[in-house]
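Visitor: Before I ask anything, here is the structure I am working with.
The values are calculated or read from the model by the stated rules, or taken from the named source; none is laboratory data. Since we're looking at a predicted model, the values are computed, not measured. Note: ideal-geometry Cβ built from the backbone for every residue, glycine included; neighbour counts use all protein chains shown. The accessibility values were calculated without ligands, DNA or RNA, using every heavy atom of the protein model including side chains. Shrake-Rupley method; radii C 1.70, N 1.55, O 1.52, S 1.80 Å.
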Amino acid sequence: MWLHKEFLISILFGSWSFSWDSFPVFIKICFIISMLALFGIVIAMVDIAVQRFSRKRLEKKTALLSVRINELLTSAVMMEEPAMQKKISFVKSDFTIDSLYDSGIPDKEVNKILVTEMIRYRNYFSGQIAERIRKLYLDLSLHKEAINRLHKKNWETKAAALSELFKMDIEVDPTDLLQLVDDKNRYIREFARLSLIKFTKADPLQFLRDLSEPISQWEEFEIFQLFQQKKDFTLSSLEGLIALDKEPSIVSLCLKLAVHFKQEAALSLIINLIKTPNLKLRGEAIACLGKLEAKDTEKELVAIYPEQPHVIKLEILTALGRMQSRRCLDFLEKEFISSSDFEIKKYASDAIIKLYPLSKSTIDKLMLNAGILNQKILNHSLNPLINAS
Amino acid sequence: MKHILLVDNDVLFTKTITSLLQKEHLDVSVAKDGKEAAIALAAGDFDLVITDLFMPYSNGFELVNTIRQNKFTYIPIMVVSNVTKVQSIANCFRLGADIYLQKPLSFPLLLSEIKNLMLNQRNVAA
Amino acid sequence: MKHFLDHFFDSYQSVVFVYCCAVYAIYSLLTFFSYLSILANMRRNRIREKLVLIQSPLTPGISIITGAFNEEMTIISNVRSLLNMNYPLFEVIIVNDGSTDKTLEKLIQEFTLTEVEFAYNYFIPSSQIQRIFKSENPACSSLLVIDKINGGCKADAINAGINASSYPYFLNTDVDCILDNDTLIQLIQPFVDDEKRVIATGATLRMVNTCVVDSGVLVEAKVPKEILPIFQEIEYIRSFVLGKMGWNLINAIPNVSGGLGMFDKEIVIKTGGYDPNSFGEDMDMLMRMSKYMLETKQEYAIRYIPQSLCWTEGPSTLKVLKRQRIRWGRGLYQIFSNYYKLLFNPKYKMLGMVVLPYNFIFEFCAPLVELLGIICYIYLIISHLINWPFALILLLFVYSFSVLITLLSIVWDQLVIRRYRFKEVFKLCLFVFLEPIIYHPLVMIFALIGYGNQFLKMKSHWGHMERKGFIQAEKAEVVPIRSSIL
């Protein structure tokens, strides 16, 4: 019999307490923890059920509300302009918006959904419709709530309020913004910077000049988009921005802006960047020269080419291809034939093809005399199917 | 009445555009993706297709391609999307889209382009 | 002898107890960490509008790379769904790994592929490329098909794809995985939005077994009907939602699953690509990438997101499951025999002091400890030495705690995924109670067989190239969080 007799008895008669005092401490602890764990299991199961249930109810409610809000927004957008007044004004009472607030959902939540839907509309439409939505937003005093939220403690609330105001084109008091720019939360800092750039009338770049913190790629996307959309805006001088001592991520953004706005005046600044020890930035600067088709810099690029590292060599070859100048054709041809590096050959060949029709005779000549690998590379560059995507 | 096929998987967007266009006395049918659009196109006559680019099952590129593969009928195609990548936009035109409009849309512009395209279609047909 | 055994098992009991307490302490911590990082993720998603990525002309391009070996049944619909990703700039590279069925013919016909003269260069090693195809259909211009000689493993196929890819990031997935439309947008976000340089990202995988799928698109997500896949689903949820998300908080993720992961191509090429000799090529890759970053003194991060983006077919028969787990076991063994020098090496910071030690002590050694534990248990029972009340209380402790941890991972998971009906979640919860009793011992034994195999193989074939079958069902590599039952 290998079961203890007492144990069998204890199970049969349910008298567990007999041994509790004699248990070692660690067994006691284990027992207590397992009881807690069992309790936790029950809680977890209940929690799943309750969460599911309440969420489903809320989702149903909000879905219904969203539909009503959308109908409302659509009708607001389509409302005829009154003949006498210059603009429609939306008033809570004479507009069916009032009815939204008695659906059993807290007012705050209703406002939240209302704003979300408004922003969605503004993502769909620009111009008059977007303006109407903004007017509605202002008439319902939703912006006041958002501005109040800017002074809340929670960073998420603050950041959300900032982004809401930003998306609705509401200017925030500059003193507030300047404070938020130094906030310790990065999202708040980013949105504050975006708002500053958006609403600064004078020189939106001035702000970037004073900035020494690196910007994330995401922020770069947003700032770039902002500049793209700004209609009443001319890029001022990039001096002091495209410079060796500036934070690389900001310089990189400015290079992209220089390309987008075709800033040929900035070429002298960009050339200086070639000296930077930061390879990524050097590459970007060279690519930028190519995209701006700065033919004057071609000589310099060819001159520095031999002592550059591999990645930069590739950038130089691509840039030369973009410049559309016949003068560097011999150089490209020489690199293509004499280099033993596959990538150099490929980039040189891409550049030569890019120069078409200037390079027509060179291509024909190369095709005739090239070896198998060179021919393959040329054909690769020539194939529209490969380079289509 | 002119009949437009609107293809986009964003329900709110299609709803809004539909009401806006109906107000301008245009008849609008909606398809959620390229697959649904192909079925709708086979069943009915449309004077214009407005499509988004990214949709499940069959995307906007494929839809434009399928419509252009059909040599017998010419339907003007307008692509409306968020994308700004030159490669994507160039691809739309290569496939045979007539115009590319970027969201956020200016509605008056959308309307005038719709009218333009349908006018052109009449010229092509004549 | 008997005296010695009694002593050994007696002291082993205390070792196991300490071990077990340490495991649970770490799991509790991980549970807490994962809650924090899921909250952080949700918060970030509320602030960051994904539209920015679609709208921006600066969004980086991504190459989707996937190997296909004898997939003629599903290849067309799956490639179509890959081409329909919601992302402004990407290419799809299908590497036909010497299929012996009609996989390639079907692709050629469906997408009007034509052979192109492609200047291919072996930046990282792979077996020989035969032909390269592009689509003549301009709507599929982003499709590239590589036909190569069978390399015997997934690593080789992915390497071949990387060599032909043209964008700075690549997504490594399996061709029979069903991906969410937003996969690219979701996975690229950490790369462009993190303060550190991100070298790899991944997301949660789930079982596709019972899901409703229509032409490569997931229509309805369901918990699997068959028994083994349910257990695997539970295992995956625990491993991804608790494990990966927990480690994510302190930047100590050991592995990005081979079923779905996005990588920085530059680093992958610099470290020589995937290792075709490895059974756990995904973890091996990540180890080498981390090692490279540390050795070149660059700050880096590996990120996971809690969203479920990839649905994969889990083995539904014991035979296939066994094969898969033996493979994983061998993979883990290889990792430690290759990287033991990094273990407890303070030069490798987090990797050497946290990631590897944890995985060595609590993942790699767990099956061994458990096996010994079971033997010890049996011995004690036979020799009448067991104290039943204590033993049962300890068993209850171990069982209840592991169930609790798993249930909590489902609760966390429910914060993010809303695709399951309540009934399904309930079913999942019920199986959680069975998992430590039925499924866990199986997995443990398979892992041990794997270690054994690898131990013997490495003794006899040291340094010898070994060809392995590219077994279709053994895809998603996860090093699961174990729920030790001892």
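Visitor: From A:Glu131, A:Glu145, A:Glu117, grab the single residue that is away from every other protein chain (no Cβ under 14 Å), assigned to a helix (DSSP H, G or I) and surrounded by 13 or more Cβ atoms within 10 Å (Cβ to Cβ). Give the derivation first.
Guide: Values: A:Glu131 fails: away from every other protein chain (no Cβ under 14 Å); A:Glu117 fails: away from every other protein chain (no Cβ under 14 Å).
Being away from every other protein chain (no Cβ under 14 Å), assigned to a helix (DSSP H, G or I) and surrounded by 13 or more Cβ atoms within 10 Å (Cβ to Cβ) holds for just one of A:Glu131, A:Glu145, A:Glu117, which is A:Glu145.
Visitor: Further question on the same structure: Confirm whether A:Leu279 is open to solvent by 40 Å² or more (accessible area, probe 1.4 Å) and closer than 28 Å to A:Ser349 by Cβ.
Guide: yes
Visitor: Scan region A:52-67 for residues that are open to solvent by 50 Å² or more (accessible area, probe 1.4 Å) and at the interface with chain C (Cβ under 9 Å from one of its Cβ atoms) and jot them down.
Guide: A:Phe53, A:Lys56, A:Glu59 - these are the residues of region A:52-67 that are open to solvent by 50 Å² or more (accessible area, probe 1.4 Å) and at the interface with chain C (Cβ under 9 Å from one of its Cβ atoms).
Visitor: Now for a separate question. Can you tell me which of C:Asn78, C:Asn96, C:Asn70 is within 14 Å of another protein chain (Cβ to nearest Cβ) and under 22 Å from C:Ala155 (Cα atoms)? Break it down into steps so the answer makes sense when it comes.
Guide: On the way: C:Asn96 fails: within 14 Å of another protein chain (Cβ to nearest Cβ); C:Asn70 fails: within 14 Å of another protein chain (Cβ to nearest Cβ).
Only one candidate passes the filter, namely C:Asn78.
Visitor: Hey, can you tell me all the residues within region C:77-104 that are in a loop (DSSP other than H, G, I, E, B), open to solvent by less than 10 Å² (accessible area, probe 1.4 Å) and aliphatic (A, V, I, L, M)?
Guide: C:Met85
Visitor: Being in contact with a helix residue (DSSP H, G or I) (Cβ under 8 Å, 6 or more places away or on another chain), surrounded by fewer than 18 Cβ atoms within 10 Å (Cβ to Cβ) and either closer than 20 Å to C:Asp182 by Cα or of a type in the set (Gly, Ala, Ser) (or both) is true for just one of B:Gly96, B:Gly60. Which residue is that?
Guide: Criteria check complete, one pass: B:Gly96.
Visitor: Also, I was wondering about something else. Given (1) more than 9 Å from chain C (Cβ to nearest Cβ); (2) open to solvent by 40 Å² or more (accessible area, probe 1.4 Å), where does B:Val86 come up short, assuming only one miss?
Guide: (1) is the only condition that B:Val86 fails.
Visitor: Could you say whether any residue in region C:134-152 is open to solvent by 30 Å² or more (accessible area, probe 1.4 Å), under 27 Å from A:Glu343 (Cα atoms) and either aromatic (Phe, Trp, Tyr) or part of a strand (DSSP E or B) (or both)?
Guide: no
Here is a yes/no grid of residues against (1) over 27 Å from C:Ile62 (Cβ atoms); (2) over 12 Å from the mean Cα position of the chain (by Cα); (3) away from chain C (no Cβ under 14 Å); (4) in contact (Cβ under 8 Å) with a residue 60 or more places away in the chain:
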| site | (1), (2), (3), (4) |
| --- | --- |
| B:His3 | yes, no, yes, no |
| B:Asp8 | no, no, no, yes |
| B:Ala40 | yes, yes, yes, no |
| B:Gly60 | no, no, no, no |
| B:Arg68 | yes, yes, no, no |
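Visitor: What are the pairs with Cβ atoms under 7 angstrom where one residue, in region A:161-186, is open to solvent by 70 Å² or more (accessible area, probe 1.4 Å) and the other, located anywhere, is of a type outside the set (Ser, Thr, Tyr)? Sequence gap at least six, or different chains.
Guide: Cβ pairs passing all conditions: A:Glu171/A:Phe199.
Visitor: For C:Phe33, are the conditions met, namely being in the same structural domain as C:Ile132 (by TED's automatic domain parsing) and more than 30 Å from B:Leu105 (Cβ to Cβ)?
Guide: It is false that C:Phe33 is in the same structural domain as C:Ile132 (by TED's automatic domain parsing) and more than 30 Å from B:Leu105 (Cβ to Cβ).
Visitor: Scanning for something of a type in the set (S, T, N, Q), assigned to a loop (DSSP other than H, G, I, E, B) and either under 25 Å from C:Ile178 (Cβ atoms) or open to solvent by less than 10 Å² (accessible area, probe 1.4 Å) (or both), does region C:236-258 turn up at least one residue? Reasoning before the result, please.
Guide: First pass over region C:236-258, keeping only residues of a type in the set (S, T, N, Q): C:239, C:248, C:251, C:255, C:257.
Imposing the further condition that a residue be assigned to a loop (DSSP other than H, G, I, E, B) reduces the set to C:251, C:255, C:257.
Remaining after also requiring either under 25 Å from C:Ile178 (Cβ atoms) or open to solvent by less than 10 Å² (accessible area, probe 1.4 Å) (or both): C:255, C:257.
There is at least one residue in region C:236-258 that is of a type in the set (S, T, N, Q), assigned to a loop (DSSP other than H, G, I, E, B) and either under 25 Å from C:Ile178 (Cβ atoms) or open to solvent by less than 10 Å² (accessible area, probe 1.4 Å) (or both).
Visitor: On to the next question. What's the total number of residues in region C:265-285 that are open to solvent by 10 Å² or more (accessible area, probe 1.4 Å) and more than 24 Å from C:Gly450 (Cβ to Cβ)?
Guide: Number of matching residues: 6.
Visitor: Tell me yes or no: at least one residue of region A:245-252 is touching a Lys or Arg at 6+ places or on another chain (Cβ under 6 Å) and part of a loop (DSSP other than H, G, I, E, B).
Guide: Step one: of region A:245-252, the residues touching a Lys or Arg at 6+ places or on another chain (Cβ under 6 Å) are none.
No, region A:245-252 contains no residue that is touching a Lys or Arg at 6+ places or on another chain (Cβ under 6 Å) and part of a loop (DSSP other than H, G, I, E, B).
Visitor: Within region A:349-361, how many residues are part of a helix (DSSP H, G or I), in contact with a helix residue (DSSP H, G or I) (Cβ under 6 Å, 6 or more places away or on another chain) and open to solvent by 10 Å² or more (accessible area, probe 1.4 Å)?
Guide: The total comes to 3.
Visitor: Could you pull out the residue among C:Val398, C:Val403, C:Val411, C:Val355 that is open to solvent by less than 20 Å² (accessible area, probe 1.4 Å), touching a residue at least 12 places away in the same chain (Cβ under 8 Å), facing chain A (nearest Cβ under 9 Å) and within 25 Å of the chain's Cα centre (by Cα)? Don't jump to the end; show me each part of the working.
Guide: Values: C:Val398 fails: within 25 Å of the chain's Cα centre (by Cα); C:Val411 fails: touching a residue at least 12 places away in the same chain (Cβ under 8 Å); C:Val355 fails: facing chain A (nearest Cβ under 9 Å).
Of C:Val398, C:Val403, C:Val411, C:Val355, the one residue that is open to solvent by less than 20 Å² (accessible area, probe 1.4 Å), touching a residue at least 12 places away in the same chain (Cβ under 8 Å), facing chain A (nearest Cβ under 9 Å) and within 25 Å of the chain's Cα centre (by Cα) is C:Val403.
Residues are listed down the side, and each one gets a yes or a no for (1) within 21 Å of A:Glu264 (Cα to Cα); (2) within 14 Å of another protein chain (Cβ to nearest Cβ); (3) open to solvent by 40 Å² or more (accessible area, probe 1.4 Å):
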{"residue": "A:Lys299", "(1), (2), (3)": "yes, no, yes"}
{"residue": "A:Arg327", "(1), (2), (3)": "yes, no, yes"}
{"residue": "A:Phe336", "(1), (2), (3)": "no, yes, no"}
{"residue": "A:Met367", "(1), (2), (3)": "no, yes, yes"}
